[in-house]
Each structure stands twice: as C-alpha cells, then as structure tokens.
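**Q** Quick one: the structure is below, questions incoming.
The values are calculated or read from the model by the stated rules, or taken from the named source; none is laboratory data. In this text, all values refer to a predicted model and were calculated from it rather than measured experimentally. Cβ atoms come from the backbone with ideal geometry, glycine included; neighbour counts cover every protein chain shown.
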Amino acid sequence: MTLLPSISFPSPSVLRIVATLLIASCAHSSWAAGPKDLKNSVWPTRPLRILVGFPGGSTPDMAARTLAEPLSRALGQPVIVENKPGASGNIAADQVAKATDDHTLGVVINGNLTSAKLLYPKLPYDPAKDFALVSLLTTAPLVLVAPAAEPGGAEFFNAARQGGSQWNYGSVGNGSVAHLGMELLKSRVPGLTPVHVPFAGNPQVVTAMLGGQIQMALIPPGVAMPHVRSGKLKAIGLAGGRSSLVPEVPPLADAGVTNVNLEVWTALIGPASLSKAAQARLAQEVPRIIRDADTRQKLFNQGWQAVGTSPDGLNSRVKDEAAILGGIIQSRGIKIE
C-alpha cells in the first residue's frame, strides 16, 4: 500500500493574518490606481467637442485650439473645436449646458459665467447650476484702441468728448466684458458718450474700426497689438495696470482715467451632467497642459497669460467678478431683452 504524504494546514490564526495582508495589499493597489492613475479610466470613449461661442480667429477660439491638441494627446481621443457664434457666447454656452453625451465641453468668456444671468431675464441656462467648472485657462488685459489718426493720451478723450454721440464704440456683443468695460469707462470720463455697436467677434470689431464705422473699443492684446504695431490702430491705454503682455502700452491712469480695472478671460467648462470620472480627469490634465512651458509660450504669443486653475479656483474667480460686473450693470442700468 502506498501511503499519501500528510498535509499540514495552517492554523486559523495564521489564515486570518494572511487574509488581512492580502486585503491590505489589494486596498493599497486600488488606491494607487485611483485618482492618480486616471489615464486608465474608460473615459473618454470617443472624440470630444469643445464649443466656442465666437468666430474662428477670436481670442476664445485661439485659446481653445491651443488647448485642443495637447488635450487630445493626453486623453487619447481627438478633440474638435466647433464655433457656435452668437449672443455673446450664450448660444454655445447653452448647448454645453444641455449636452448629455459626456463628451461635450465649452470654452467660455467672463460674461457667460458672471454677468449673463443679470443681463438676460430669459437666459436659457443657469450659470450657477448647469455647468461643471473645470479650469480658468487664460487672462488678458483689455486695450483701449482707436484709429491710428486719433491723438493719444488725454487728448484722445478730449476728441472723444467733442465727437459726442457721433462717435461709436464696438464690442463682441451686448453684455460682454468689453461692453461693460466701456460703460464703466464712460462713467469715469465725464462727457464721454459714444454709442455701442455690437459685433459677432473681435476680428469684426477691428474690421469696423479700420473701415471707420467705430472710433474706439476695448479688445484683448492678441487681437489689438498686431494692428497697433503695424500702425493701423492706436493703443490709448490698458484697462488696468501695466502688463508683460504689452509692456509698451501705458495704463489708462496715465491719461487721467482711474478705477477702470477689467480683463477678459477664458475658462473650460462642461455640463452639470458631466461624469465624475470625466471631471476628475479633466481637472488633472487641463491645468497641467495650460501650465506647460510650451503651451504658456503659445498662449503668450497670442496675447494671453496662462493660468490653469483647479475647479475651485475658477469658482472663486467667477464669484469675485460677478460682484464687480453686477455693480456696473446696476449702476448703468444695463438690460438686454
């Protein structure tokens, strides 16, 4: 008869120790592969769309397209920028708010998140409830520009007063930061009364100025300065302090106009329905991309300061600026039907 070797089983106490170690090991592996390894997430599963509420070549469009390529590499999916201009960006913002495909995002400007609800009684979206905030992407000062033949400094404002309501100023739309900024400027310069003419985007504002239809506008440096440096437009001053983006342009305070401090910015948002996995992945990747040296330089060349905040950082900026713009809207009695 062949005898089977005896088998010795571990005691119950030893088994409990082994089981505890295995559970701890699995928990550690799960944690390590959690938020810090979001690249293994199944999202995104198809190409992403970034909707921009302004025409191609506008400053928000340039910021979105600068983000799109590196974001595509990081996510492993194509990122397509789609222009949906109109209503100061609110048409595109509304489409983002109502998106349910988990693959639609938006690059918006200040007004879409800060002042739109105050200006538009029938706004079809609620900025405070309908968006998942991702990141503040870029900021830029606003440059007051005029036709090249106009005088500079304080003399410009004397000429503007003499022009009265025969002078027009342009902006990217009713309720835009450029519009509100000009109304703030008018409140700071007695006798300044140019009439507002809205356009679809900053390129159209510049075209109108070059064609003599408007005499002044607040526009970002990325659009303004090529025309200023070529001698086609004149930079009167910055709505704020000096900026490394345009060191040659003095602040408006040098021309005697104080307390006009506004800048334009862009932000990446998604709909409130955006999945937690998508929000977390974007919150990880987007600030890293925006702060990358190569991206920062590209944005700087376009006239933007790269920022790249967390969702909380963007939320703080929205709240602070909503208070400022709300004051302008109330004090000037601005309403948009």
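**Q** Having 3 or more residues that are not polar (S, T, N, Q) is the bar; report the strands (runs of 3 or more DSSP E) wholly within the range 145-247 that clear it. Step through it out loud before you land on a result.
**A** Details: elements: 168-171, 195-198, 216-219, 233-238.
By residue number, 195-198, 216-219, 233-238.
**Q** Are any residues in the range 35-91 over 21 Å from the mean Cα position of the chain (by Cα), modelled with pLDDT under 90 and either assigned to a loop (DSSP other than H, G, I, E, B) or within 25 Å of residue 202 (Cβ to Cβ) (or both), and if so, which ones?
**A** Correct list: 41, 42.
**Q** Let me ask you something else. Report, by residue number, each residue of the range 217-263 that is of a type in the set (Lys, Arg) and either within 15 Å of residue 181 (Cα to Cα) or modelled with pLDDT under 95 (or both).
**A** Going residue by residue through the range 217-263, those that are of a type in the set (Lys, Arg) are 229, 232, 234, 242.
Residue satisfying the conditions is 242 alone.
**Q** Given the criteria farther than 26 Å from residue 91 by Cα, in contact (Cβ under 8 Å) with a residue 24 or more places away in the chain and not in a loop (DSSP other than H, G, I, E, B), does residue 285 qualify?
**A** Numbers: farther than 26 Å from residue 91 by Cα: yes; in contact (Cβ under 8 Å) with a residue 24 or more places away in the chain: yes; not in a loop (DSSP other than H, G, I, E, B): yes.
So residue 285 fits the description; yes.
**Q** Would you mind finding the one in 159, 146 that is without any contact (Cβ under 8 Å) to a residue 12 or more places away in the chain, among the hydrophobic types (A, V, I, L, M, F, W, C) and either over 21 Å from residue 175 (Cβ atoms) or buried (at least 24 other Cβ atoms within 10 Å of the Cβ) (or both)?
**A** Step by step, each of 159, 146 is checked, and only 159 is without any contact (Cβ under 8 Å) to a residue 12 or more places away in the chain, among the hydrophobic types (A, V, I, L, M, F, W, C) and either over 21 Å from residue 175 (Cβ atoms) or buried (at least 24 other Cβ atoms within 10 Å of the Cβ) (or both).
**Q** Oh, and also: Could you go through the range 249-259 and let me know if any residue there is under 24 Å from residue 90 (Cβ atoms) and surrounded by 15 or more Cβ atoms within 10 Å (Cβ to Cβ). Outline the logic, then answer.
**A** Here is the first cut: in the range 249-259, the ones under 24 Å from residue 90 (Cβ atoms) are none.
No - not one qualifying residue is present in the range 249-259.
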